[in-house]
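K.L.:
I am attaching a structure below and will ask some questions about it afterwards.
The values are calculated or read from the model by the stated rules, or taken from the named source; none is laboratory data. If you're wondering where the values come from, they're calculated on a predicted model, not measured in any experiment. Methodologically, a virtual Cβ is constructed for each residue, glycine included, from the backbone with ideal geometry; neighbour enumeration extends over all protein chains shown. Ligands, DNA and RNA are excluded from the accessible area calculation, which covers all protein heavy atoms including side chains. Shrake-Rupley method; radii C 1.70, N 1.55, O 1.52, S 1.80 Å.
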Amino acid sequence: MRRPAVAGQFYPLQPQKLLEELKAAFSGASGGEPLPIRGAVVPHAGYIYSGAVAAEVYGRLPERETFVLIGPNHHGLGLPVAISRDSWMTPLGTVESDVELADALAGSILEVDESAHLYEHSLEVQIPFLQARFSGFKILPIAMGLQDEETAVEVGEAVGEAAKSLGRDCTIIASSDFTHYEPQEEARRKDAQAIEAILRMDVPSVYRAVYGQNLTACGYGPISATITAARILGAETGKLLRYSTSGDVLGDYSQVVGYGAIAFV
């Protein structure tokens, strides 16, 4: 059992308060009909900062057997690309991992290593959004410490092919914030270049934008792996559902963090 590491920090510890905050996030999203989403990008900041942005994706997700969650490893613990087979607990209950899909992937570039997930918030904060919308689903958490282009593509291909060969009805979700702690105008300019490449599902261009702009997005590897897997599962294009920054919430535009909600359909 993987117990919550950031409940009470990134989101409320009490179930009722958590449900109220999720309700506020979904009501702050623009809504709309469900989309045939095979992959997505969502932020992972505290819910008060990025919850409404994340809810743009979660509010339009179709029901799936499994949601594959791919995020950066902020703590550097464990293996370079680590799967979790544990059940994950949040204040809203427990979600099982897709052990069959995990076992199909283990032994490739991905290996099972629970230590990589112990303190990592980027995947944990996604699960209550899924619990608020669905029941009976499974997750497959993947933490990426290595984020180079070759690794990201290999991870995406492995996930996409394994899901396809098992006939798994799933959506891949990349957890990433965009620019960190730069002035609003600069953050928006840099993020727009990366997002344009992401919407085209063009992985080499994503890396050119990241390296060329010195982009401080923390999950460009998970985003690129998700693009690769989503293509294998039939996605053809990206759709930007929302972009905002922490400055839009706080009113301080001197040092902002960028948040994007993107669906691959």
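K.L.:
Exactly one of these conditions fails for Ser175: (1) surrounded by fewer than 24 Cβ atoms within 10 Å (Cβ to Cβ); (2) modelled with pLDDT of 95 or more. Give me its number.
P.N.:
Among (1) surrounded by fewer than 24 Cβ atoms within 10 Å (Cβ to Cβ); (2) modelled with pLDDT of 95 or more, Ser175 violates only (1).
K.L.:
Next question. Only residues that are under 15 Å from Arg38 (Cβ atoms) and among the hydroxyl-bearing types (Ser, Thr, Tyr): list them for the range 143-172, please. Full working, then the answer.
P.N.:
Start the filter on the range 143-172 by keeping residues that are under 15 Å from Arg38 (Cβ atoms), which leaves 156-157, 159-164, 167-172.
Within the range 143-172, just Thr171 meets the criteria.
K.L.:
Something else now. Within the range 37-53, restricting attention to residues that are buried (at least 24 other Cβ atoms within 10 Å of the Cβ) and in contact with a Phe, Trp or Tyr (Cβ under 6 Å, 6 or more places away or on another chain), which residue is nearest to Glu124 (Cα to Cα)?
P.N.:
Result: Pro43.
K.L.:
Quick test for you: out of Ala225, Ala194, Ala217, pick the one residue that is of a type in the set (A, V, I, L, M) and assigned to a loop (DSSP other than H, G, I, E, B). Step through it out loud before you land on a result.
P.N.:
Details: Ala225 fails: assigned to a loop (DSSP other than H, G, I, E, B); Ala194 fails: assigned to a loop (DSSP other than H, G, I, E, B).
The conditions single out Ala217.
K.L.:
Exactly one condition in (1) part of a loop (DSSP other than H, G, I, E, B); (2) surrounded by fewer than 18 Cβ atoms within 10 Å (Cβ to Cβ); (3) under 18 Å from the mean Cα position of the chain (by Cα); (4) of a type outside the set (Asp, Glu) is false for Leu240; which is it?
P.N.:
(1)
K.L.:
Moving to a separate point now. For the range 180-193, state whether one or more residues are in contact (Cβ under 8 Å) with a residue 24 or more places away in the chain, within 22 Å of Pro36 (Cβ to Cβ), open to solvent by less than 30 Å² (accessible area, probe 1.4 Å) and under 17 Å from the mean Cα position of the chain (by Cα).
P.N.:
no
K.L.:
Looking only at strands (runs of 3 or more DSSP E) that fall completely inside the range 35-121, which ones have 1 or more residues that are without any contact (Cβ under 8 Å) to a residue 60 or more places away in the chain?
P.N.:
Details: elements: 39-42, 66-72, 81-83, 88-90, 93-95.
By residue number, 81-83, 93-95.
K.L.:
Filter the range 76-89 down to the residues that are open to solvent by 10 Å² or more (accessible area, probe 1.4 Å) and at pLDDT 95 or above and list them by number.
P.N.:
In the first step, residues of the range 76-89 are kept if they are open to solvent by 10 Å² or more (accessible area, probe 1.4 Å); the result is 76-80, 85-87, 89.
Residues satisfying the conditions are Leu77, Gly78, Leu79, Pro80, Arg85, Asp86, Ser87, Met89.
K.L.:
For the range 243-265: of the residues being of a type in the set (A, V, I, L, M) and in a helix (DSSP H, G or I), which is nearest to the chain's Cα centre (by Cα)?
P.N.:
Within the range 243-265, the subset of a type in the set (A, V, I, L, M) is 249-250, 256-257, 261-263, 265.
In the following step, the residues that additionally are in a helix (DSSP H, G or I) were identified as 249-250.
Details: Val249: 21, Leu250: 23 Å.
Going through the qualifying residues, I end up with Val249.
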